[in-house]
Amino acid sequence: MNNEQSLHDPNTPAQKLAQGNWQNHQSEFRGHTGPHTFKLGLDVDIKQITVVTQCDHAPLKPAQSFTPATLCEWVRTQTAAGHTVWTVYEACGFGYTLHHQLVAAGARSLVITPVRLDTERRRKNDRLDARQLCIRLSRYVEGHHSELPLIRVPSVPEQQRREIGRQRKFWNTEVRRLENHGRALRLEHEFQTLPAGWAGPRKWKGLSPQLSEFVRAQLEPVVALIRQAKEQLARLTGELEARVAQETLPKGLGALTMALADAEVCDWHRFKDRKAPGSYTGCCPSEHSSGGEQRTGSIDRHGNKHLRTLLVEAVWRLLRWQTQWHAYRKLVVRLKAGQALKKKTVVALARQLAVDLWRVRTGRCSWAQLGLFAK
């Protein structure tokens, strides 16, 4: 049965929920006129979507299975009838396609970070997760906004713009993996390694006659793959650097770094104050305090790991080239206190760098005012 046929089949989950459960809701709310509010907790899987629904303040209904098409059709039917539909699901490896489909169908869709939904039980399955999401959504709709750790869903152009940088990282990792594979192969069969960049045309031309016939035959396909990966890597790098080619950037913050940072953040104006970009990096210290005792620990990592890595690498360069940076001058004593403290200080400077980038990108100050100067 295709999706179009399932939408009109009275035995499908969508029609059962839209007809059977809706009739139950009508009987429960007799005497109440006007539109109703549906709250749906979704546990998303590649094969199905497990849904637990609640109408207004009625008891939660048993979990049911949907496909994306039948779920969106049910949402479209209810919103067309004047009802409000809220949905929530955890961000996962399926992207934001379902979110955009639900919004297009008329739902008020929310996406949250993956969390441990039930801290008391030792049982976990799709039905229980969907139920807990529905309960938290009900509280959120009533005004308890701390119930759901919402994330900002990027637009399709923002998501595609960000993906270029992540694809570049994939190809860079692939080049290293293939080069290390070649070194391991020669070590095993000839007890010798390969130099850096061994797959390049010039180095491979001089290296190839030194290899045994067996090793050379195994490495030739690897060489072709490395060169193809490097071509893709160079193309993506050029595309990223072209985005900020017209800007004058400080020494240590190159075009590639700034393009990747802009793509990961999507929109610097999304942050309302200086604390928000610092928290987004995940470089804030964890805390376990009570009463008059305050304890802080390692960074919480509750942020964008790609941006965090990018900023830490940039700070190490700024420590060499930008000694007039205001953050460097403030913490210069800690940077000279020892290697262990220096590493912790670099992480703190990465958080400060995120705040400085936010200030510059939103027009609050210039590079020179921060003590960052061009080449």
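The values are calculated or read from the model by the stated rules, or taken from the named source; none is laboratory data. Bear in mind that the values here come from a model prediction, so they are computed numbers and not experimental data. No Cβ is skipped: glycine too gets one built from the backbone with ideal geometry, and neighbour counts run over all protein chains shown.
Screening T257, T248, T323, T296 for residues that are surrounded by 17 or more Cβ atoms within 10 Å (Cβ to Cβ) and among the polar types (S, T, N, Q) leaves exactly one candidate, T257.
Segment 47-124 holds strands (runs of 3 or more DSSP E) entirely within its bounds, and those carrying 3 or more residues that are within 25 Å of I151 (Cβ to Cβ) and within 28 Å of the chain's Cα centre (by Cα) map to 49-55, 84-90, 108-112.
Okay, residues lined up against (1) closer than 28 Å to T248 by Cα; (2) of a type in the set (D, E, K, R); (3) assigned to a helix (DSSP H, G or I):
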position: R301; (1), (2), (3): no, yes, no
position: A314; (1), (2), (3): yes, no, yes
position: Q324; (1), (2), (3): yes, no, no
position: A340; (1), (2), (3): no, no, yes
position: W358; (1), (2), (3): yes, no, yes
position: L372; (1), (2), (3): yes, no, no
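Only residues that are of a type outside the set (D, E, K, R) and under 13 Å from V223 (Cα atoms) were counted across segment 197-212, and they come to 8. Could you tell me whether segment 273-296 includes any residue that is part of a helix (DSSP H, G or I) and among the aliphatic types (A, V, I, L, M)? Yes, some residue in segment 273-296 is part of a helix (DSSP H, G or I) and among the aliphatic types (A, V, I, L, M). Filtering R270, R243, R216, R227 for residues that are in contact with an Asp or Glu (Cβ under 9 Å, 6 or more places away or on another chain) and among the basic types (K, R) leaves a single hit, R243.
Conditions (1) over 22 Å from K169 (Cα atoms); (2) assigned by TED's automatic domain parsing to the domain that holds R270, marked per residue:
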{"site": "G291", "(1), (2)": "yes, no"}
{"site": "H306", "(1), (2)": "no, yes"}
{"site": "W321", "(1), (2)": "yes, yes"}
{"site": "V333", "(1), (2)": "yes, yes"}
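Look through segment 104-141, keep the residues that are modelled with pLDDT of 90 or more and β-branched (V, I, T), and return whichever of them is surrounded by the fewest Cβ atoms within 10 Å (Cβ to Cβ). Here the answer is T113.
If you go through segment 182-231 one residue at a time, how many are part of a helix (DSSP H, G or I), aromatic (F, W, Y) and either surrounded by 16 or more Cβ atoms within 10 Å (Cβ to Cβ) or touching a strand residue (DSSP E or B) at 6+ places or on another chain (Cβ under 6 Å) (or both)?
Selection size over segment 182-231: 1.
Remark: R329 matches the filter, which requires a residue to be touching a residue at least 12 places away in the same chain (Cβ under 8 Å), more than 31 Å from the chain's Cα centre (by Cα) and assigned to a helix (DSSP H, G or I).
E313 meets each of the listed conditions (1) farther than 27 Å from P114 by Cα; (2) in contact with a helix residue (DSSP H, G or I) (Cβ under 9 Å, 6 or more places away or on another chain); (3) surrounded by 14 or more Cβ atoms within 10 Å (Cβ to Cβ) apart from (3).
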